[in-house]
């Protein structure tokens, strides 16, 4: 099992809509509020097992209302859409940061496949082929 570097620095950058995470390894990941919301570790998003994931749509403009450390192992994030369940372990945050490009591409592809959008004000309707 790979050892995850210690999380040393957390900055919520409201104006740019990102959470900056610094690790003892020197790595710094900037994760957008939307990225964190759609990849919430909660059962509401992940389901209770493989294949039960719920695609999150319309989260482009989501904001973080609050972020609280839980001990020395996780963060609890409260979003302005009311979502506040699921603990983001430091290990999970490192995974999100290190795999951000692939995870984002997968998410965008899933939205396209579902005829869904990131924008809460747009509904996609496909007519024919």
* Asked: Can you tell me which residues in region 56-88 are free of Cβ contacts under 8 Å to residues at least 24 places away in the same chain and at positive phi?
  -> 71, 82
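Here's a check for you: in region 116-128, which residue that is over 22 Å from residue 32 (Cα atoms) and surrounded by 11 or more Cβ atoms within 10 Å (Cβ to Cβ) is modelled with the lowest pLDDT?
Taking region 116-128 as the starting set, the residues that turn out to be over 22 Å from residue 32 (Cα atoms) are 123-128.
From what is left, the residues that are surrounded by 11 or more Cβ atoms within 10 Å (Cβ to Cβ) are 123-124.
Details: 123: 69, 124: 64.
It comes out as 124.
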* Structure fact -> All-but-one check, residue 59 against (1) outside any loop (DSSP other than H, G, I, E, B); (2) surrounded by 15 or more Cβ atoms within 10 Å (Cβ to Cβ), failing number (1)
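Is there a residue in region 74-83 that is exposed (fewer than 12 other Cβ atoms within 10 Å of the Cβ) and under 13 Å from the mean Cα position of the chain (by Cα)? Give the derivation first.
Kept after step one, since they are exposed (fewer than 12 other Cβ atoms within 10 Å of the Cβ), are these residues of region 74-83: 82.
Now restrict to residues that are under 13 Å from the mean Cα position of the chain (by Cα): none.
Scanning region 74-83, I find no residue that is exposed (fewer than 12 other Cβ atoms within 10 Å of the Cβ) and under 13 Å from the mean Cα position of the chain (by Cα), so the answer is no.
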* Structure fact -> Checked against (1) within 15 Å of residue 90 (Cα to Cα); (2) part of a helix (DSSP H, G or I), residue 72 satisfies every condition except (2)
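Taking residue 51, is it touching a strand residue (DSSP E or B) at 6+ places or on another chain (Cβ under 9 Å) and on the phi > 0 side of the Ramachandran plot? Lay out the reasoning, then the answer.
On the way: touching a strand residue (DSSP E or B) at 6+ places or on another chain (Cβ under 9 Å): no; on the phi > 0 side of the Ramachandran plot: yes.
The answer is no for residue 51.
Looking at this structure, is residue 107 in contact with a helix residue (DSSP H, G or I) (Cβ under 9 Å, 6 or more places away or on another chain), crowded, with 16+ Cβ neighbours inside 10 Å and assigned to a helix (DSSP H, G or I)? Reasoning before the result, please.
Details: in contact with a helix residue (DSSP H, G or I) (Cβ under 9 Å, 6 or more places away or on another chain): yes; crowded, with 16+ Cβ neighbours inside 10 Å: yes; assigned to a helix (DSSP H, G or I): yes.
Considered against the rule, which asks whether it is in contact with a helix residue (DSSP H, G or I) (Cβ under 9 Å, 6 or more places away or on another chain), crowded, with 16+ Cβ neighbours inside 10 Å and assigned to a helix (DSSP H, G or I), residue 107 comes out as yes.
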* **Whichever residue in region 3-36 is under 17 Å from the mean Cα position of the chain (by Cα) and part of a loop (DSSP other than H, G, I, E, B) and, among such residues, is farthest from residue 78 (Cα to Cα)** => 16
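Just the residues that are farther than 16 Å from residue 42 by Cα and assigned to a loop (DSSP other than H, G, I, E, B), please, taken from region 81-104. Please lay out each step first, then the result.
The first filter runs over region 81-104 and keeps only residues farther than 16 Å from residue 42 by Cα, leaving 94, 97-104.
99 - this is the single residue of region 81-104 that is farther than 16 Å from residue 42 by Cα and assigned to a loop (DSSP other than H, G, I, E, B).
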* If you go through region 37-52 one residue at a time, do you hit one that is without any contact (Cβ under 8 Å) to a residue 40 or more places away in the chain and either part of a strand (DSSP E or B) or farther than 24 Å from residue 109 by Cβ (or both)? -> no
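The values are calculated or read from the model by the stated rules, or taken from the named source; none is laboratory data. Bear in mind the structure is a predicted one, so any value in this text is a computation, not a measurement. Positions of Cβ are backbone-derived with ideal geometry, glycine not excepted, and every protein chain shown enters the neighbour counts.
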